[in-house]
Each structure stands twice: as C-alpha cells, then as structure tokens.
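One structure is given below, encoded as structure tokens.
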Amino acid sequence: MDLFDAQCGALATEPGRTRRVAVDELLQSMDDCGITGALVRVAPGTLETDVDLANRRLFDACKPHDQLIPCPVVVPNSAGDLPSEEQQAADALANGAGAVWVRPSIDDWIVADWLCAPLFDALEAKHLPVFADAGMIDFHTMAAIAAKWPRLPFIYAGLHYRDQRKLVPLLRNFPNVHASIGSNYTVHSGLEHMVAQGLAKQLLFGTGFPESEPAAAVMLLACSPVSDADRQAIAAGNLVSLVAGAGR
Amino acid sequence: MNQFVEKALAGLPPGLDIIDMHAHVGCFSYTVPDRSVGSIVASMDRLGIAAAAVAHIRCTNADAEYGNEIVCNAMQEYPGRILGYVGVFPYGRTEVRRNVERWLGEGFSGLKFHDMNGIPYNHPSYAHAHAIANERRIPMLFHTWGTEKQLDHVGRIASACPDAPVLLAHAGAEAEERYVDFMKKHPNAFLDVTYSRSPRGLVRRFADAVGAARMVWGSDVNVLNQAQQLGKVFGSGLPLEDMQMILAGNARRILEQAGAASSA
C-alpha cells in the first residue's frame with residue numbers, strides 16, 4: 001500500500017527543543033513506516049515567524065527529493081507589505097507546491113472576508129489546495145470558507161478525537177473539505193464509521209510528524225476494518241489527486 | 001521498514017503478546033461511533049490483544065456502582081478477555097470498603113481512581129480502597145495529567161502501599177520529567193503510556209529513563225483507537241524484548257501478583 005502523508009513537516013524548532021527537525025529525520029521516519037510521499041510544511045510552526053525565509057528553505061529542502069511536495073505558507077497582503085496574493089500563489093506553484101498553508105494565529109490575521117478574500121480568491125483561481133489546522137481555524141470558520149470558496153479544496157488537519165460530531169457533518173456538507181486522520185484523530189471505530197457514511201474520498205492519511213509518532217497513524221489506517229479500495233484511497237489516492245490538481 | 005508496520009500493512013497482526021491495561025466501557029459526552037464491548041473485542045481480535053482491563057467511565061461520578069455492574073457483565077460475557085477495574089468513588093470510608101470488597105469478590109483485577117470528580121486521591125474516603133489494594137497486591141490505576149499536586153497525592157499513596165502496583169495513567173501527557181522523578185522515588189510505580197497524541201520519542205525516553213520493566217501499555221479504548229496507541233510502541237525503536245515487557249510482560253507480572261493472570 002502506498003502512503004502519502006498529508007500532515008507532516010520539518011525544518012523548524014519548537015519551545016523546549018534545542019535543534020531544528022532535519023529533513024533527513026523526516027525521510028528516515030518515512031522509510032521506517034513505508035511512507036512513499038509527503039506534503040511537507042515548515043513545522044513545528046510556532047517559532048517560525050519569517051514566512052519568506054521559511055518558504056525558501058522549504059523549497060530548497062524538498063527540491064532534491066521527489067517524494068517531498070512543499071506546502072508553503074501564504075499570508076494575506078492586507079497591509080501591503082507582502083507580495084500580492086496572486087504572486088504568492090504563483091511562486092508556490094513555480095516551486096512545486098502541492099498545497100499551501102494558512103496559519104492565521106501565527107501570522108497575525110483573522111479569517112474575515114474584508115481581510116482575506118483576495119487570498120482565497122487567488123488560491124481558488126489557481127486551484128491550489130489549502131492546508132488548515134483545526135487549532136487555528138475552528139469548525140465554524142472552516143465551514144464558512146469552504147462554503148464561500150466551493151471550488152477550493154481544503155485539507156483540514158489537527159483534528160481531535162472529540163471532533164467526530166462536528167467532523168462528519170462538515171465533510172458531508174462541504175465536499176471540498178478533506179480531513180487528515182493524523183494526530184490527534186484517534187477515535188475508536190471512527191474511521192470505519194466515516195467510510196460507511198460514504199466519506200472515504202474526503203479522508204487523507206496523515207501522521208503529525210514531527211510532533212507525533214508516525215507509526216501510530218499508519219497502524220490506525222492499516223488496522224481499521226475498511227475495504228482495500230477505501231484504505232488505498234485514504235492512504236494516498238485522495239491526496240495524490242488533490243496535489244495533481246494544483247494549478248490546473 | 002519497521003517490522004510491525006510492515007505486518008500491519010500486509011494485513012497481519014503484530015504477533016506479540018499484548019495486554020491493554022487501560023480501557024473503558026461507557027461514554028463521555030463526545031461521539032464514539034461504536035462504544036460496544038463487542039467492538040472492543042473485535043479490535044482486540046484484529047490486533048492479537050489477549051486481554052483488556054476496563055473501567056467504566058462512570059467511575060468519574062457518583063454513579064460508579066452502575067458502571068461497575070456493567071463492567072462485571074462484560075467480564076462475564078468475555079471471560080479472560082475483559083478484565084475489570086473497580087471504579088472507586090469516594091462515597092465514604094465504609095461504603096468504599098464494602099463496594100471494593102464486593103467487586104473484587106466478583107473477580108475484578110484492580111482499582112481505578114479518577115479525580116475528575118474534584119476530590120483528591122488522598123481523601124480519607126479512599127483509605128480502605130488503598131489498604132485493600134496493598135493487602136491483596138492488586139494494581140491501582142490513577143488518572144494523572146502531570147500536575148504537582150496530583151502526583152504528590154499519588155506519591156503518598158504509593159509510599160503507604162508498597163505492595164500494590166501503582167499505575168500512572170497518561171504518563172507524559174504533561175510534565176514528562178515529573179513522572180521520571182516520581183518513578184525514582186516509588187519502586188512500586190509503573191508508567192502507563194496511554195495518551196492520544198503519541199508524542200514522538202516519548203516511549204523511548206521513558207524506557208531510557210526508568211527502564212522498560214516499569215512501563216505498561218494501555219489504549220484508552222473505547223475512546224481511543226487501540227491500533228493507533230500500539231503504534232507509538234512499535235515506532236519507539238526499542239529492542240523487541242523491551243517492547244514485549246511494555247506490551248504484556250509487566251502487565252502479566254502485575255496481574256499474576258493480583259491472582260488474575262491465569263485468565264488473561
């Protein structure tokens with residue numbers, strides 16, 4: 001089974017740690033777990049405040065490795081100090097990005113039409129999937145932007161084992177939202193329940209590396225009682241399709 | 001590739017002896033699609049888990065006895081596969097003693113304490129429960145989240161009950177170092193690595209710091225996914241013999257001491 005990780009990162013550090021997470025660590029971990037591809041962000045992201053530098057390092061780090069697809073950060077140019085939203089989307093695609101990451105609370109913006117509509121308009125125009133973390137974009141906000149930009153695919157990650165009651169209707173109502181089953185989605189019988197609801201096409205394998213142990217996510221998917229076809233779609237097929245559609 | 005990941009990807013069980021020392025029946029307020037005991041046993045079958053020691057989630061409130069009844073029914077429905085923790089609620093010293101003795105008489109294997117009820121573990125109402133555990137050398141599983149006060153209370157109990165295995169649930173969810181310090185002071189303590197987030201490297205760091213012989217594995221099923229919780233041990237990079245101690249060896253020793261291992 002191919003595994004394509006929708007929720008992982010490297011190159012950054014976090015409070016309490018003394019070194020950055022190297023790309024080699026990510027590659028080693030992928031090898032250990034049989035993961036053949038990864039959508040990579042600069043993570044952990046809390047101390048990475050220089051978006052331009054972080055994105056350039058991410059592109060450079062991914063370039064030698066075909067299995068690593070960059071997912072750079074984009075920020076609304078609401079104060080006029082950044083490249084235009086169109087330019088950011090174009091730069092991402094030119095550097096092989098398969099998706100982009102929005103992180104409002106780290107980059108000090110809020111999800112409001114009057115502030116960030118130009119960003120989502122530009123991303124939708126390029127059909128560039130958006131990675132959103134539930135820790136920064138709550139379910140209300142996720143639903144609102146998924147409704148306003150229905151042709152823009154979203155990868156919703158950082159979900160919690162307590163989220164099932166919100167997650168199922170979110171996916172059912174917004175087919176452009178795709179959920180990562182990486183940390184901290186650890187629900188007993190949750191995956192098979194969502195598959196039985198016909199949501200397999202909206203589920204993505206993810207690990208939560210470097211914060212979480214990747215083997216945990218692999219075990220969750222590999223051992224869930226779902227059909228081989230659904231398992232393979234979740235493991236890689238769905239994300240491969242999303243990434244392949246970027247810029248088209 | 002990691003041999004256990006490879007087996008899982010091939011649709012095979014891990015092929016190890018595994019005992020889940022932290023499991024539940026009942027429910028919290030959030031959705032778990034299938035909470036049935038049958039779904040837990042089905043998950044155990046897929047993963048080759050020999051037995052799971054369960055406490056009812058109503059051990060967190062004054063309806064704990066209802067929960068114990070449900071656990072007892074599950075033990076009877078799946079003998080040897082479902083083991084029971086008595087959910088101990090501090091109704092009062094006499095009542096606690098009566099309840100604990102009743103359920104141990106029904107074949108329960110240990111005691112579960114949860115301080116979500118707002119009552120500290122060293123409350124006098126619990127005294128008989130601690131003493132019985134010590135006398136019978138049965139495990140006491142304490143819900144913990146790394147706070148100084150909580151571990152101080154459990155530490156006093158561990159010191160007063162040196163013959164009872166004291167299991168610290170969710171070890172490392174917060175304040176990793178505090179757990180390591182605790183283990184140095186209390187030789188009858190075990191780290192229970194049940195924790196949803198499965199931080200990378202945590203199992204390895206604990207094994208390096210306190211030794212695999214002092215760790216047990218639990219999943220928090222029927223809330224969390226057993227396979228996902230196993231993955232953190234499989235991915236730890238520990239030698240096989242250490243993994244085997246964490247996944248079952250230590251649990252068997254604890255249960256054997258409590259007279260409950262023969263059924264697991």
> Which condition does residue A:186 not pass, out of (1) modelled with pLDDT of 95 or more; (2) within 9 Å of chain B (Cβ to nearest Cβ); (3) in contact with a Gly (Cβ under 7 Å, 6 or more places away or on another chain), if it passes all the others?
Replying inline: (3)
>> For the stretch A:89-109, give me each residue that is within 19 Å of residue A:45 (Cα to Cα), open to solvent by 10 Å² or more (accessible area, probe 1.4 Å) and free of Cβ contacts under 8 Å to residues at least 60 places away in the same chain.
In response: A:105, A:107, A:108, A:109
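Going residue by residue through the stretch B:58-71, is there one that turns out to be assigned to a helix (DSSP H, G or I), within 21 Å of residue B:252 (Cβ to Cβ) and more than 10 Å from chain A (Cβ to nearest Cβ)? Before the answer, list the steps.
First pass over the stretch B:58-71, keeping only residues assigned to a helix (DSSP H, G or I): B:58-60, B:64-71.
Keeping just the survivors that are within 21 Å of residue B:252 (Cβ to Cβ) gives B:71.
Then keep just the ones that are more than 10 Å from chain A (Cβ to nearest Cβ); that gives B:71.
Yes, because at least one residue in the stretch B:58-71 is assigned to a helix (DSSP H, G or I), within 21 Å of residue B:252 (Cβ to Cβ) and more than 10 Å from chain A (Cβ to nearest Cβ).
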>> Can you tell me which residue is surrounded by the fewest Cβ atoms within 10 Å (Cβ to Cβ) among those in the stretch A:217-227 that are closer than 15 Å to residue A:195 by Cα and free of Cβ contacts under 8 Å to residues at least 40 places away in the same chain?
In response: A:227
>> I need the full set of residues from the stretch A:37-71 which are in contact with a Leu (Cβ under 6 Å, 6 or more places away or on another chain) and closer than 22 Å to residue A:182 by Cα, in order please.
In response: A:38, A:40, A:42, A:62, A:69, A:70, A:71
> If we keep just the residues of the stretch B:2-52 that are assigned to a loop (DSSP other than H, G, I, E, B), more than 7 Å from every other protein chain (Cβ to nearest Cβ) and farther than 30 Å from residue B:113 by Cβ, which is most open to solvent (accessible area, probe 1.4 Å)?
Replying inline: B:12
>> If residue A:53 satisfies all but one of (1) among the aliphatic types (A, V, I, L, M); (2) assigned to a loop (DSSP other than H, G, I, E, B); (3) closer than 18 Å to residue A:108 by Cβ, what's the number of the condition it fails?
In response: (2)
> Name the residues in the stretch A:117-154 that are crowded, with 22+ Cβ neighbours inside 10 Å and either part of a strand (DSSP E or B) or touching a residue at least 40 places away in the same chain (Cβ under 8 Å) (or both), would you?
Replying inline: A:119, A:123, A:128, A:129, A:130, A:131, A:132, A:133, A:153, A:154
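The values are calculated or read from the model by the stated rules, or taken from the named source; none is laboratory data. Values in this document were obtained by computation on a predicted structure and should not be read as measured data. All Cβ positions, even for glycine, are placed from backbone atoms using ideal geometry, and neighbour counts span all protein chains on display. For the accessible areas, the whole protein counts, side chains as well, though only heavy atoms, and no ligand, DNA or RNA atoms are used. Shrake-Rupley method; radii C 1.70, N 1.55, O 1.52, S 1.80 Å.
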